[in-house]
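Take a look at the structure set out below.
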Amino acid sequence: MRIPGEPPPPASPRHYSGLLGALHHCISGGDAPAAVSLLPTLARAGLRAPFPLLSSLASLLLLRPAAPSFPSLAGRLLLYVRLAGLKRLVPHSTQLADRLLSLHFLLGRPRDARRLFAKMPRPSAHSYNAMLVGYARLALVAPAAEVFAAMPHRELFSYNAVMLALGRGGEEQGAVKLYSELRNSYPSLGYNHHTFFALLVACAELMDRELARQFHGHLMALGFLSDVNIASSLLDVYSKCGCVDDARNLFEEIPIKDVHTWTTIVCACAEDGQLATARQLFYQMPEKNISSWNALIEGYVCHGKPVEALNMFQQLLMEGLLPDQLTFGSCLSASAAMPMHSLKLGEQIHGMLLRSGFDLNVMIISSLIDMYSKCGYLDGAKQLFKLTGRERKGAMLWNSMMSALCHHGHAKDVIGLFVQMIHERQKPDANTFLLVLTACCRCSLVEEGIKFFDLMNERYRIVPGQDHCLCMVDLVGHASADDKVGEWIKSSAFTFNKQFWEILVRNCTIDGNRELLNKVEEQLTELDHP
């Protein structure tokens, strides 16, 4: 959501000459890079660009926030403001300050925006809205609600921005309630397509089928289903709620369908396993893009049809389309699931990636490691992991390699790789610890498993999930009842629920581990468990 209003034209050129005249000429011509490149020269010459010029330059940058050069140009403009000694004066120029607020948010600097806003003696409605839009973009609910509450005058734009912040920031019910407040308490403010877009973002996160159907009727009554973006958003909500029949009925109602609308319905049917329908809709599309192909290919992969997925991939190449990372990731998964010749297929896709100069990002490398592992070529997975630069080795890649080692029964190597990961100062996640605990189970390393479980809790503050706890139940259930195991069971009593205790008792009974069973029963008695 962009703050409405065209950028103000720069001040009349008759006021400027020399360097300032050159700056004005660049801004007037829409050449933002050339204008920004003049700023260091101005700073060295001790010249302060007038606020109208800086405001126009900021507005010029805000017209293309998605441009690759935007972060660099915006950062250099903000740096000039600081080096030219203008930082203390900017809050008193509402027009310039408003635009710098937006630049800060687009650069991911909400604290800098907040500091600037706090120093503004007379923030306008535009200033408040700039803050709300910035917080909504970053899904920062609490500060957005704080700014909204402090607004002396609220507009529809303000409500829309806060609803979007709530929907993106995990407060979906709050967004729905705010919409009710808008309609019931402030009907004069009205509503527009931004209102319903924000509302549908919240609805998609709630995944409430009945609420989705209510909004469907509401939007139909208000005549907003003729807006292709709103209709596509509602279609996406139905898809996420698993209401494929509702999605198909809505699709038939939509008068104008764009490529995104078609792709959404294809994706919904494919995810639901209605592959024949998805394929039929796919071939009916008047226009296709790579997302459309990915939706069908991924559907085939997820529902156990790797041959069909790879046939679609071959057809995509024959159409002359360029695959993206999702396409290659799905095709590598399909190769790993093929009953015969899977390694050869995977190597062919790997070769295609290298020949095309495609960027082997983390997701692709992870898929390649998984493919080589499942195709029985562990050395290929190891080599790929080894050749990957350290800067790309996040938790996802380490986990892929550990999973490959687990798949081939190299449990001790998993633990060794985890130790290496810690030494290289890489932060493990919940999946990393699950793989390590599984390795400890397979090697019957009880004491080590307990240490890793405690490390996950105490150092990395990762809350154990059900899989972690089941793994630990399995590990200690087959162990001897030494003091360390007994103490760990006592200290972890509140981590385990009734199901885990029952599994632990059953494992002890099956193994005839009477000594450990006695300690478990003592602990259960203290916890008042039957």
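FYI, it's all coordinate maths here, none of it is from the lab. As the structure is a computational prediction, the values presented were derived from the model and not from experiment. Neighbour counts run over all protein chains shown; Cβ positions are idealised from the backbone, glycine included.
General observations
- Once the Cα atoms are used to define both axes, helix 514-526 deviates from the longest principal axis of the chain by about 50 degrees.
- Here the extension length gained between residue 379 and residue 283 equals 30.5 nm, from 0.36 nm per residue of separation less the Cα-Cα distance.
- Computed from Cα atoms, the angle from the helix 290-302 axis to the main principal axis of the chain rounds to 10 degrees.
- In this Cβ point-charge picture (+1 for Lys and Arg, -1 for Asp and Glu), the chain has a dipole of about 2700 debye about its Cα centre.
- Extension gain, residue 314 back to residue 19 (0.36 nm per residue minus Cα-Cα distance, nm): 100.5 nm
- The angle separating the long axis of helix 18-28 from the principal Cα axis of greatest extent in the chain is about 70 degrees.
- Here the extension length gained between residue 419 and residue 363 equals 17.9 nm, from 0.36 nm per residue of separation less the Cα-Cα distance.
- Summed side-chain charge close to residue 55 - residues other than residue 55 whose Cβ falls under 10 Å, Lys, Arg +1, Asp, Glu -1: 0
- Rounded Å value of the spacing that divides the Cα centres of segment 173-252 and segment 127-148: 22 Å
- Measuring between alpha carbons in the structure, the pairs from 344/412; 288/427; 240/288; 382/451; 374/451; 257/374 lying more than 32 angstrom apart are 288/427; 257/374.
- Scattering from segment 51-101 was approximated by placing one identical point on each alpha carbon and applying the Debye formula without solvent; log10 I(q)/I(0) at 0.26, 0.29 1/Å stands at -1.03, -1.20.
- Whole-percent pair-distance distribution, where bins are 10 Å wide, for the alpha carbons of segment 274-350: 19, 56, 22, 2
- Rg in Å to one decimal, and Dmax rounded to a whole Å, for the chain via C-alpha atoms: 29.2, 96
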